[in-house]
Amino acid sequence: MRWHVVESYEEMSRMAAGIIAEALERNPRLVLGLATGSTPVGTYRELIKAFQEGKISFKEAFAVNLDEYVGLAPDHPQSYAYFMEEELFSHVDMPPDHRHIPRGLAPDLDEECRRYEEVIRNLGGVDLQLLGIGVNGHIGFNEPGTPFDARTHVVELTPSTREANARFFESIDEVPTHAITMGLGTILEARHILLLASGPTKREAIRALREGEPDPEWPATCLWLHKNVDVIVDREAYGE
Ligand code: PGA
């Protein structure tokens, strides 16, 4: 695990976008695993800038997102499909049929989970997976206690995750209770993983990750089982 401690959210975002841009230049058909939340927004902004300046293109690249809320349509402003459209896809040249996200309105959710695994398999796996981290150490929506070999599945969100995400909704009652998420086993199959964390609310989760031991109570610690992980944290999240 390679640790990069930076001074600010902006520096974290620039470094992350730089790693993604380089990977795209090396392999224009890159399969990118993407994340939602406040953390990657700055990274996406930097990628949009690089695209607008003609430095990178997503024309041949693919995206598979980590997760989606159950019950929200893609045009619901709090759905992750909508988020990705707003924060990245509508600003770059990735063809719509190259972008994948679990379907929160699928009539058969278990079938949707199987379909999503197949989408990833058919793309040849994820080349570079971008991750944020929850205050409880979750990655994707893999909450504490999730087995490290879990595949894409439906999860019941913990109260702490629903509280953390309530800021985006009118009230906590509107935050969905379930989500579809790539499993930890799915995530660990990505060839390269890039985890970002910024700000003091992530300090405890980052402290657990720094322990260096896989611990199912802190899902992100499964990344110690992976050989190719970059962690970019700002000083506030790192805790020194
Ligand atoms: P955040 O969420 O980027 O909005 O802090 C991260 C996460 O919950 O994975």
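Would segment 1-134 count as rounded, prolate or oblate if I go by the C-alpha gyration tensor, calling it rounded below 1.5 in a/c and otherwise prolate when a/b exceeds b/c, oblate otherwise?
Prolate, because a/c is 1.5 or more and a/b exceeds b/c.
Please list the non-local residues whose amide H lies under 5 Å from the amide H of ILE56, H modeled 1.01 Å from N, same-chain partners needing a gap of 5 or more.
For ILE56, the qualifying residues are PHE51.
Summing +1 for each Lys or Arg and -1 for each Asp or Glu, what net charge is found among the other residues whose Cβ lies under 11 Å from the Cβ of LEU184?
-2
Can you list, largest first and rounded to whole Å, the semi-axes you get for the chain by taking the square root of 5 times each eigenvalue of its Cα gyration tensor?
That gives 23, 23, 18 Å for the three semi-axes.
With each run of n ≥ 4 DSSP H residues scored as -39500 (n - 2.57), what mean residue ellipticity at 222 nm is computed for the chain after dividing by its residue count and rounding to the nearest 500 deg cm²/dmol?
Value at 222 nm, helices only, nearest 500: -9000 deg cm²/dmol.
When we measure straight from the Cα of LYS202, which lysines land under 30 angstrom away, once same-chain ones fewer than 8 places off are left out?
Qualifying lysines at Cα under 30 Å: LYS49, LYS227.
Using alpha-carbon pairs under 8 Å, 6+ residues apart, how would you state the relative contact order of the chain in percent?
Over the chain, the number comes to 25 percent.
Which net charge results for the neighbourhood of LYS55, defined as the other residues with beta-carbon distances under 9 angstrom from its beta-carbon, given Lys and Arg at +1 and Asp and Glu at -1?
-1
If you take every residue apart from ILE193 with its C-beta less than 11 Å away from the C-beta of ILE193, what net charge results, scoring Lys and Arg +1 and Asp and Glu -1?
Net charge around ILE193: 0.
Please list, in chain and number order, the residues 5+ apart from HIS100 or on another chain whose amide H is under 5 Å from its amide H, with Hs placed from the backbone.
Residues meeting the amide H criterion: ALA63, VAL64, ASN65.
Since every read-out is calculated from the coordinates, none of them should be taken as a lab result. None of the values given here were measured: they were computed from a predicted structure. Because the Cβ atoms are built from the backbone with ideal geometry, glycine has one as well, and the counts that use them run over all protein chains shown.
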